[in-house]
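Asker: Below is one structure. I have some questions about it.
What follows draws every value from the coordinates through simple rules; no lab data is involved. Since we're looking at a predicted model, the values are computed, not measured. For neighbour counting, all protein chains shown are included, and Cβ atoms are generated from backbone atoms with ideal geometry for every residue, glycine included.
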Amino acid sequence: MADGKKGSDPVKISKLVALAVIGACVVLPGVSYAETPDRLSIGRIASAADIARWDIDVGPDGAGLPPGNGTAQQGEPIYAEKCVTCHGPDGRQGRDKLAGSPGETREKTVGNYWPYATTLFDYIRRAMPPTKPGNLADTEVYALTAYILHLNSIVTVDQVIDAESLPKIDMPARNHFAPDDRRGGTEVR
């Protein structure tokens with residue numbers, strides 16, 4: 001060996017072990033590939049209820065929003081309990097800032113970058129809080145959405161946010177994005 005030590009070369013040994021495993025898989029007597037089961041007898045087929053629990057996406061037009069409502073006033077105590085640690089008391093701290101100063105565009109916040117208010121609802125519902133994602137009630141998500149929109153001066157503290165009103169909120173950055181209206185195939189615009 002190059003370092004002058006006696007012993008086996010670890011690379012050579014790992015290659016030999018890999019070849020032995022491959023060889024054993026090829027020549028095991030009495031087992032043929034045709035006899036292997038289609039399933040490994042683990043897990044189960046997802047039921048309609050299982051799929052419904054995961055099928056919670058919300059579109060920009062509000063499709064998929066659940067019943068319920070909330071206001072920023074209702075969202076403030078929920079935010080203080082579940083969000084302040086990461087985002088600070090006014091949504092302007094931490095790595096993921098939710099709000100910025102009016103007219104500030106250097107940092108991408110909800111108020112100056114997100115084109116749809118429904119996206120905020122969808123994200124909170126799926127991913128927050130990071131220690132227990134997906135555990136907020138829909139009314140809590142509506143209230144938190146309203147509160148974060150209020151931190152960005154987009155809604156008033158007592159404005160009710162629900163499935164009808166949320167898609168109608170005009171986000172400041174909506175015109176900064178172009179809709180993807182491609183129909184597929186070879187067409188590219």
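Asker: Rounded to whole Å and ordered largest first, report the semi-axes of the equivalent ellipsoid of region 73-189 derived from its Cα gyration tensor (root of 5λ). Could the numbers behind the result be given before it?
Answerer: Values: eigenvalues 130, 57, 45 Å².
Output for region 73-189: semi-axes of 26, 17, 15 Å.
Asker: Over the residues of region 92-150, compute the C-alpha Rg and express it relative to 2.2 N^0.38 Å. Show your work: numbers first, answer last.
Answerer: On the way: Rg = 11.7 Å, N = 59, 2.2 N^0.38 = 10.4 Å.
Compared with the compact-globule rule of thumb, region 92-150 sits at 1.13.
Asker: Follow-up. Would you list which aspartates and glutamates come within 16 Å of LYS97, measuring only between C-alpha atoms, while excluding same-chain residues fewer than 8 positions from it?
Answerer: Candidates past the 8-residue exclusion: GLU107.
Asker: Shifting gears a bit: Just to confirm the filter: which chymotrypsin sites (Phe, Trp or Tyr not before Pro) across region 94-189 are DSSP coil and have at most 16 other Cβ within 10 angstrom of their Cβ? List each step's numbers first, then the result.
Answerer: On the way: sites: TYR113, TYR116, PHE121, TYR123, TYR142, TYR147, PHE177; in loops: TYR116, PHE177.
Loop-located and lightly packed - PHE177.
Asker: Another question, then. Using modelled amide H (1.01 Å from N, peptide plane; none on Pro or chain starts), what sits under 5 Å from the amide H of ASN69, excluding residues fewer than 5 places away?
Answerer: Those qualifying (amide H under 5 Å, at least 5 residues apart or on another chain) number zero.
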